[in-house]
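Accompanying notes for the structure given below.
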Amino acid sequence: MARESTGSLFGRSDEPAWAEESAAPVVSADAPLAERMRPRSLDEYVGQQHLVGPGRLVRRLVEGGGPMPSLIFWGGPGAGKTTLARLVAGPSGARFVQLSAVLSGVKELREAIAEARTRRNRGVRTVLFIDEIHRYNKAQQDALLQAVEEGVVSLIGATTENPSFEVNSALLSRSRVLTLEPLTPDDVAMILRRALTDADRGLGTLNPQVAEVELARLAKAAGGDARVALTALETAVLATPPAEDGSRTVEPETLVEALGRARYAYDKGGEEHYNLASALIKSLRNSDANAALYWLARLIEGGADPIFIARRLCILASEDVGLADPQAIVQAASAAQIVQLIGLPEGLYPLAQATIYLANAPKSNAIKRAYFAAAEDAAATAREPVPLHLRNAVTSLMKANGYGQGYRYAHDDPAAKDEMPCLPSALRGKTYFRP
């Protein structure tokens, strides 16, 4: 559950049998390429120059070598969160203890903190790295608070989810959140070139030959995830038989097979789910059918619930099209009904049809503006009485008090439409709906 590293010389042989390694551990030759190629210093680290560049926060922490503050690294998969945590902790002289929030709970946390207290009494600091910290529930995160507050551990948490939503505010207030940007295709390509030529940790001894254009395509297709790119590269090289001279010329088709189906940066339980939905709606509102279809495909291929998509289309059909094209809501509602009936994959057709229709439909937010203008007045005049002529005279007493007097039946009295007011007296003449 917990992995402790010996980042200092203060370790003792009578300590518990944790799986021990250094903050920059020795990696076996048969480890995956992505693990073997982890940077051993900030000079090898690629990307995140806003954090590790000259004079930037992380570099200052590493070069300072003093006690570590608690940090939360927020970034996508393969952006370098774990590697950066190790590099930050290495020069501090502290023990590096790693927990995975997927595999550990309060029991493991308490054990790690108890060990950290023991070490602190001997003058040894502890850096506690928790991978995927967003997977801890509130109780598990609360178990960290006292240890972080007292300085028993310096916490480094790694998360792919927005910490504002997934990490307790009390823990956030005791930590500094650092955002890791997705690696650019150029960043990933640089990492791949290193792996191809490195004979010590990489693939250099296999003499692989990969065309630069294919390397660039692989780097772009990885979507900012260095681990995905390195895994695909290693698979492709190993799957390529050597020629007589010992070289391995990797064909484009082999790289495509190694990478597999195009990866989508999508998590139907996280922030990116709502980012993609927002992109779809705003593209529709902007009448951009091509962009709308793209974001629709990102949602569907990423595994979004088709009913969720259909609901969003129904909302837009009324909010952003409305009476400018009354058929829009019919198209959206029909798509929702069909998708509920047949599901995916066939349901993508009615969803795509409704998306294209809504993108091309004339736009009007008159219904939205009308309702909220009326709602604002409704809140401001909540005690305005209903005019007597609009009230039903259910009893004789109500009739005697004027209920219903002056009401005119519009079907028999067409002039009532213009001559009989229906708004409270304070709002007479107000216009909400403007087509």
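The values are calculated or read from the model by the stated rules, or taken from the named source; none is laboratory data. Just so we're clear, the structure is a prediction, and the values are computed from it rather than from any experiment. When we count neighbours, we look across all protein chains shown, and the Cβ atoms used for this are built from the backbone with ideal geometry, even at glycine.
Output yes when any residue across segment 192-208 is at pLDDT below 90, assigned to a helix (DSSP H, G or I) and out of contact with any His (no Cβ under 7 Å at 6 or more places or on another chain), and no when none is. Looking through segment 192-208, none of the residues is at pLDDT below 90, assigned to a helix (DSSP H, G or I) and out of contact with any His (no Cβ under 7 Å at 6 or more places or on another chain). Which residues, counting only those in segment 387-407, are part of a loop (DSSP other than H, G, I, E, B) and within 58 Å of the chain's Cα centre (by Cα)? Passing the criteria: 387, 391, 392, 393, 394, 403, 404, 407. May I ask you to list the residues in segment 113-128 that are crowded, with 22+ Cβ neighbours inside 10 Å and hydroxyl-bearing (Ser, Thr, Tyr)? Of everything in segment 113-128, just one residue is crowded, with 22+ Cβ neighbours inside 10 Å and hydroxyl-bearing (Ser, Thr, Tyr), namely 126.
Of everything in segment 49-58 that is at pLDDT below 90 and touching a Leu at 6+ places or on another chain (Cβ under 7 Å), the residue that is surrounded by the most Cβ atoms within 10 Å (Cβ to Cβ) is 58.
If I ask for residues that are closer than 17 Å to residue 422 by Cβ and loosely packed, with under 11 Cβ neighbours inside 10 Å, which ones from segment 386-405 would you list? Of everything in segment 386-405, those that are closer than 17 Å to residue 422 by Cβ and loosely packed, with under 11 Cβ neighbours inside 10 Å turn out to be 386, 392.
Taking segment 47-133 and the helices (runs of 4 or more DSSP H) fully enclosed by it, the elements with 3 or more residues that are under 27 Å from residue 191 (Cβ atoms) and either out of contact with any Lys or Arg (no Cβ under 9 Å at 6 or more places or on another chain) or of a type in the set (D, E, K, R) (or both) are at 57-64, 81-89.
Tell me, yes or no, whether segment 356-377 has at least one residue that is of a type in the set (Ser, Thr, Tyr) and out of contact with any helix residue (DSSP H, G or I) (no Cβ under 8 Å at 6 or more places or on another chain). Looking for residues that are of a type in the set (Ser, Thr, Tyr) and out of contact with any helix residue (DSSP H, G or I) (no Cβ under 8 Å at 6 or more places or on another chain), one finds at least one in segment 356-377, hence yes. For segment 194-218, the set of residues classified as free of Cβ contacts under 8 Å to residues at least 60 places away in the same chain and surrounded by 15 or more Cβ atoms within 10 Å (Cβ to Cβ) consists of 196, 206, 207, 208, 210, 214, 215, 216, 217, 218, listed by residue number.
Here segment 156-175 is the region considered, the condition is being part of a helix (DSSP H, G or I) and either in contact with a helix residue (DSSP H, G or I) (Cβ under 9 Å, 6 or more places away or on another chain) or not assigned by TED's automatic domain parsing to the domain that holds residue 101 (or both), and the residue that is farthest from residue 70 (Cα to Cα) is 165. The requirement of being assigned to a loop (DSSP other than H, G, I, E, B) and either modelled with pLDDT under 90 or assigned by TED's automatic domain parsing to the domain that holds residue 33 (or both) is fulfilled nowhere in segment 274-289; no residue meets it.
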